[in-house]
Each structure stands twice: as structure tokens, then as C-alpha cells.
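**Student:** The structure that follows is given in the form of C-alpha cells.
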Amino acid sequence: MSAARSVYLTANVAILIFLIAPLAVIAIFALNPTPYIQFPPVGVTWRWFQKFWASPEFTNSLVLSLEVAFAVVVLSMAIGGAAAIGLERGRLPGARLVTALFLTPLMLPAILTGLAMFQLLLSFGIGRPVWALVLGHTVVAVPYVIRTTLAVLSEFDRRVEEAAAVLGATPTRVFAEVTLPLIRPGVFAGGVFAFITSFDQFPISLFLVTPGHETLPVVMFNYMKFDLDGTIAAASMVSILLAVGVVFIIDRLVGLRATVAI
């Protein structure tokens with residue numbers, strides 16, 4: 001084995017350990033009987049998961065986070081997919097500038113976006129309804145769908161659509177039966193990022209939630225201010241498992257290889 005290959009493999013293993021190590025620490029903390037991080041663990045217990053599921057505050061926030069995340073996924077896929085098609089095929093003047101504007105939420109700190117939306121809602125006297133929270137999450141989730149869909153569209157063979165049109169398909173049927181199925185991996189991949197971005201979103205949620213209707217990240221933050229035990233680790237494990245579950249669902253729907261290939 002050459003020295004260059006050895007360095008390459010060592011670097012990849014180090015990166016993998018760096019990424020997995022925090023997850024291992026969280027798992028140990030969540031299953032350890034002691035209310036603090038201890039290594040090696042002294043045993044295995046489900047008490048922290050039981051405490052998590054027995055807490056109305058945690059379960060209600062989990063339900064709210066899921067509801068908001070799924071709403072954000074639907075809105076982001078619809079808005080981002082349509083915007084990507086328009087930017088790629090609309091021949092709009094200044095399309096690159098418009099694309100850059102769509103991506104600005106990724107360039108700005110999320111806390112500034114949350115503060116700006118909070119001030120905007122107060123200026124109009126709207127308050128902080130749940131739909132405003134969904135809107136705030138959608139703002140930072142749409143760019144992911146746009147980028148993944150544009151990546152698919154850039155490799156899209158227009159001759160497939162032309163062939164369908166020549167065979168007598170109407171423009172609507174071409175779009176529904178040819179275009180959408182072919183760009184689906186990009187849209188769904190963006191939907192995965194949208195779900196994770198919304199479900200784990202803290203800075204924007206911190207400004208847009210109301211007492212008694214907080215999302216899971218905000219509840220976890222408030223909990224850590226007064227107590228720190230394995231319940232936090234259990235909540236983190238639930239979040240991680242939900243993210244893995246979403247990826248698994250995408251794999252069953254469109255195929256993970258098709259989604260990652262973009």
C-alpha cells in the first residue's frame with residue numbers, strides 16, 4: 001500500500017470517528033443509569049427514555065416539531081421544485097441573481113433570520129401563530145430543495161420530453177408523467193434536508209414559539225438550563241432516530257442511490 005493511500009485511508013477513518021464519536025457519547029449517556037456522563041458505563045437502563053415519553057412537555061413538543069417539519073417539507077418541495085424549474089427553464093433575466101437571492105437564507109445566521117421575522121410579525125401585530133413558525137422554517141428549507149432539484153435539472157435530457165410530446169402527450173401529461181418522475185430524486189432529497197433543517201431548527205424557533213407551544217429543540221434548551229441528565233440524551237437519540245427514519249423512508253420511496261447520486 002502506497003504512502004498516499006495510507007494517508008487517505010487514515011484521514012477518512014479519522015473523519016468517520018470524529019463524526020460518530022458524539023453519537024456514541026449520546027447513546028452511552030442515554031442508556032447509562034447515572035444522571036451524568038460516566039465512562040465506562042455502569043449498566044444499561046431505559047429510565048431516561050421512559051422519563052422522556054412520560055413528560056407531556058417533551059411529547060407535546062415532539063408532536064409539534066413533527067407537525068411543523070412535515071408542513072415545511074410539503075411547502076418546501078412545492079415551492080422549491082417550482083422555483084427550480086422556473087429558474088432552469090424560464091429563461092428569466094437575471095436568473096443567477098434570483099437563484100442567489102433564494103439561497104441567501106443559507107448564508108445568513110439563522111438567529112438573524114429569526115429575529116427579523118419576529119420583528120416583522122410584531123410590526124404587523126400578528127403575534128406568533130404556528131403558521132408563522134412554519135413559514136420561518138420554510139424560508140431556510142426551500143434553498144435546499146432548489147439546489148438539489150437544480151442539480152437534477154442540469155443533467156436532464158430534454159429529448160425525453162420531446163419524444164413524449166411527439167407521441168401525442170399534452171404538455172400537462174408530459175410534465176406529470178415524464179418531468180416530475182425524473183426530477184423526483186432531487187425534490188425528495190431536498191425534502192430530506194428540509195425535514196432535518198426544520199426538526200432541528202433552534203434559532204428561528206426560539207423567536208417564533210410561544211410558551212406552552214415550544215418545539216423540541218427549544219424545550220431541550222430550556223430543560224438544560226435547570227437540569228442535565230440522561231433525558232436530554234434520550235431526546236437527542238429520538239431526534240437522531242427520526243432523521244434516520246426519514247432517510248429510510250426516502251430510500252423506500254425513490255431509492256437512496258438515486259437520491260444521493262445528485
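**Student:** Just to check your reading of the model, which residue among F202, F207, F221 is of a type outside the set (D, E, K, R), touching a Pro at 6+ places or on another chain (Cβ under 7 Å) and modelled with pLDDT of 85 or more?
**Tutor:** Working: F207 fails: touching a Pro at 6+ places or on another chain (Cβ under 7 Å); F221 fails: touching a Pro at 6+ places or on another chain (Cβ under 7 Å).
So the residue among F202, F207, F221 that is of a type outside the set (D, E, K, R), touching a Pro at 6+ places or on another chain (Cβ under 7 Å) and modelled with pLDDT of 85 or more is F202.
**Student:** Which of the residues that make up region 65-98 are farther than 30 Å from I240 by Cβ and either among the acidic types (D, E) or under 20 Å from the mean Cα position of the chain (by Cα) (or both)?
**Tutor:** A82, A83, E88
**Student:** To continue, here is another question. Can you name every residue in region 175-228 that is part of a helix (DSSP H, G or I) and either over 30 Å from T149 (Cβ atoms) or among the basic types (K, R) (or both)?
**Tutor:** R184, V218, V219, M220, F221, N222, Y223, M224, K225, F226
**Student:** Considering only region 161-180, state which residues are buried (at least 17 other Cβ atoms within 10 Å of the Cβ) and of a type outside the set (A, V, I, L, M, F, W, C).
**Tutor:** Start the filter on region 161-180 by keeping residues that are buried (at least 17 other Cβ atoms within 10 Å of the Cβ), which leaves 161, 164, 174, 178-179.
Within region 161-180, E161, T179 meet the criteria.
**Student:** Select, from A4, A24, A78, the only residue that is within 29 Å of F195 (Cβ to Cβ), of a type in the set (G, A, S) and surrounded by fewer than 13 Cβ atoms within 10 Å (Cβ to Cβ). Spell out the reasoning first.
**Tutor:** Details: A4 fails: within 29 Å of F195 (Cβ to Cβ); A78 fails: surrounded by fewer than 13 Cβ atoms within 10 Å (Cβ to Cβ).
Matching residue, one of A4, A24, A78: A24.
**Student:** If you go through region 152-174, how many residues are touching a helix residue (DSSP H, G or I) at 6+ places or on another chain (Cβ under 9 Å), over 19 Å from G86 (Cα atoms) and assigned to a loop (DSSP other than H, G, I, E, B)?
**Tutor:** 1
**Student:** Quick one: P33 ticks every box in (1) in contact with a Lys or Arg (Cβ under 9 Å, 6 or more places away or on another chain); (2) under 18 Å from F199 (Cβ atoms) except a single one, so which number is it?
**Tutor:** The number of the failed condition is (2).
**Student:** While we're here: Kindly indicate whether any position in region 150-160 is within 21 Å of L101 (Cα to Cα), among the small types (G, A, S) and surrounded by fewer than 17 Cβ atoms within 10 Å (Cβ to Cβ). Step through it out loud before you land on a result.
**Tutor:** If we filter region 150-160 for residues that are within 21 Å of L101 (Cα to Cα), which is where we start, we get 150-154.
Retained after the next criterion (residues that are among the small types (G, A, S)): 151, 154.
Then keep just the ones that are surrounded by fewer than 17 Cβ atoms within 10 Å (Cβ to Cβ); that gives 154.
Yes, there is a match, as at least one residue in region 150-160 is within 21 Å of L101 (Cα to Cα), among the small types (G, A, S) and surrounded by fewer than 17 Cβ atoms within 10 Å (Cβ to Cβ).
**Student:** Give the residue that is surrounded by the most Cβ atoms within 10 Å (Cβ to Cβ), with candidates limited to residues of region 113-149 that are of a type outside the set (K, R) and not in a helix (DSSP H, G or I). I'd like the intermediate steps shown before the answer.
**Tutor:** Taking region 113-149 and keeping what is of a type outside the set (K, R), we get 113-127, 129-146, 148-149.
Those still in the list that are not in a helix (DSSP H, G or I) too: 124-127, 129.
Values: F124: 7, G125: 6, I126: 11, G127: 9, P129: 13.
Ranking the candidates gives P129 first.
**Student:** Taking region 49-86 as the search range and keeping residues that are of a type in the set (F, W, Y) and in contact (Cβ under 8 Å) with a residue 40 or more places away in the chain, which one is nearest to R158 (Cα to Cα)?
**Tutor:** Applying the first criterion (of a type in the set (F, W, Y)) to region 49-86 yields 49, 52-53, 58, 70.
When the remaining residues are screened for being in contact (Cβ under 8 Å) with a residue 40 or more places away in the chain, the result is 49, 52, 58, 70.
Values: F49: 51, F52: 51, F58: 49, F70: 32 Å.
Across region 49-86, the extreme among qualifying residues is F70.
**Student:** Counting just the residues of region 237-261 that are touching a Phe, Trp or Tyr at 6+ places or on another chain (Cβ under 8 Å) and within 16 Å of A189 (Cβ to Cβ), which one comes out modelled with the highest pLDDT?
**Tutor:** In this case the residue turns out to be A243.
The values are calculated or read from the model by the stated rules, or taken from the named source; none is laboratory data. None of the values given here were measured: they were computed from a predicted structure. Cβ atoms come from the backbone with ideal geometry, glycine included; neighbour counts cover every protein chain shown.
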